[in-house]
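Here's the structure we're looking at; comments come further down.
The values are calculated or read from the model by the stated rules, or taken from the named source; none is laboratory data. In this text, all values refer to a predicted model and were calculated from it rather than measured experimentally. Cβ placement follows ideal geometry from the backbone for every residue including glycine, while neighbour counts extend to all protein chains displayed. Remember, those area values only see protein heavy atoms, side chains included, never the ligands or the DNA or RNA. Shrake-Rupley method; radii C 1.70, N 1.55, O 1.52, S 1.80 Å.
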Amino acid sequence: MNWDDARVFLAVCRESTLRGAARVLGVDQATVGRRITALEKSLSATLFLRTSEGYAMTAVGEAALKAVEKMEHSALELQRQIQGLDDRLTGTVRVSTTDSMAIDFLIPAIARLHAQHPDVRVQLDASTQIISLSKREADIAVRNTRPDNPDLIARRIARWPVGLFASRDYVDAHGVPAPGSAFEGHDLVVYQPYLQGHKDMTLVSEPLGRGRIVSSLSSGLLVRRAIAAGLGLGEIPVYMGERDGLVRLWPERTRPVPYDVWLVTHADLRHTARVRVVIDEIVAVFSGTGE
């Protein structure tokens, strides 16, 4: 068996098509097909059923998947442990965060890092999706949820209350809603995932029943920009609202759950020199913003 074919097998299992697997692996579709055929031949087994909708695992394929995932885990663990011994201030560090965090904090941190350690390169990915540090999709994550994986080291680097904000132009045109009015007569902008996940959604504990949702947005940065453009009222971290120069409404009210910022890395990588200096700069740029 060619052990490198295990990577191809995993990609096809996860993507269900040769095209998707080829995209993940960075090779052409024909190569993926040949490698799967060669793997099945070497094992004398059919791992996939070829269907019009893609590749479906057979019972043998499902059994093989469990074994190959163990191989992947061991390979990634070896890579992390070796990198954890690396004391060179050179190379690439992959960081995942949201677009809002990237613009306001991570890019300034990278600029400071580059001035001191020009041979450390940061690959920054801004997305609302939660990536897997265990699978080496990133070395560091800055996110607003604490992971429950015991192999990950999580440190809270900021905690912000969440308040209600509007632009000055909106307040001048529409006034301030009365507490208890359920936002009657007012326009609202909301975070789309929050809207989908809550049947009885509120802003700073005020029901939305009489307000009009004029826009739902897929990221915190878009919510901030929508509020600043005067589209409507919205709920964002107080630190962000004040930073953007917005008007805080009902300052006595906050969302029951604050907005926490967590810095997460894998336990095996926390002593790698280049990862360590990136962590230090990220922590420094959040310092004093509120914890």
Selected residue (only one of Arg225, Arg210, Arg243 is surrounded by fewer than 17 Cβ atoms within 10 Å (Cβ to Cβ), among the charged types (D, E, K, R), over 19 Å from Gly163 (Cα atoms) and more than 19 Å from the chain's Cα centre (by Cα)): Arg210
Matching residues, the range 180-198, being over 24 Å from the mean Cα position of the chain (by Cα) and either of a type in the set (A, V, I, L, M, F, W, C) or open to solvent by 60 Å² or more (accessible area, probe 1.4 Å) (or both): Gly180, Ala182, Phe183, Glu184, Gly185, Leu188
field: Single residue of Met101, Met71 found to be out of contact with any Lys or Arg (no Cβ under 8 Å at 6 or more places or on another chain), under 28 Å from Asp268 (Cβ atoms), open to solvent by less than 50 Å² (accessible area, probe 1.4 Å) and touching a residue at least 60 places away in the same chain (Cβ under 8 Å)
entry: Met101
message: Going through Leu49, Leu89 one at a time, which residue ends up being within 30 Å of Asn144 (Cβ to Cβ) and not in a helix (DSSP H, G or I)?
response: Leu89
Condition met for Arg35 (exposed (fewer than 14 other Cβ atoms within 10 Å of the Cβ) and either free of Cβ contacts under 8 Å to residues at least 12 places away in the same chain or of a type in the set (Lys, Arg) (or both)): no
- line: Across (1) touching a residue at least 60 places away in the same chain (Cβ under 8 Å); (2) surrounded by 14 or more Cβ atoms within 10 Å (Cβ to Cβ), Trp3 clears everything bar (2)
message: Quick test of your reading of the structure: Ile153 fulfils all but one of (1) open to solvent by 20 Å² or more (accessible area, probe 1.4 Å); (2) touching a residue at least 40 places away in the same chain (Cβ under 8 Å); (3) in a loop (DSSP other than H, G, I, E, B). Name the failing condition by number.
response: (3)
statement: Filtering the range 157-211 down to residues that are under 17 Å from Leu222 (Cβ atoms) and aromatic (Phe, Trp, Tyr) yields Phe165, Tyr170, Tyr191, Tyr194
statement: Apart from one, (1) open to solvent by 30 Å² or more (accessible area, probe 1.4 Å); (2) in contact with an Asp or Glu (Cβ under 7 Å, 6 or more places away or on another chain); (3) free of Cβ contacts under 8 Å to residues at least 12 places away in the same chain all hold for Ala22; the odd one out is (1)
- prompt: When only residues in the range 228-238 that are in a loop (DSSP other than H, G, I, E, B) and open to solvent by less than 70 Å² (accessible area, probe 1.4 Å) count, which is farthest from Val162 (Cα to Cα)?
  reply: Gly230
query: Among (1) at pLDDT 95 or above; (2) open to solvent by 20 Å² or more (accessible area, probe 1.4 Å), where does Thr145 come up short?
result: (1)
- line: Taking the range 165-179 and keeping residues assigned to a loop (DSSP other than H, G, I, E, B) and either of a type outside the set (A, V, I, L, M) or open to solvent by less than 60 Å² (accessible area, probe 1.4 Å) (or both) leaves Ser167, Gly175, Pro177, Ala178, Pro179
The range 109-142: number of residues that are in contact (Cβ under 8 Å) with a residue 40 or more places away in the chain, surrounded by 14 or more Cβ atoms within 10 Å (Cβ to Cβ) and not in a loop (DSSP other than H, G, I, E, B): 9
- prompt: Ala64 versus (1) open to solvent by less than 80 Å² (accessible area, probe 1.4 Å); (2) closer than 25 Å to His271 by Cβ; (3) more than 22 Å from the chain's Cα centre (by Cα): which is the lone unmet condition?
  reply: (2)
message: All but one of (1) touching a helix residue (DSSP H, G or I) at 6+ places or on another chain (Cβ under 9 Å); (2) part of a loop (DSSP other than H, G, I, E, B); (3) buried (at least 17 other Cβ atoms within 10 Å of the Cβ) hold for His271; state the number of the condition that does not hold.
response: (3)
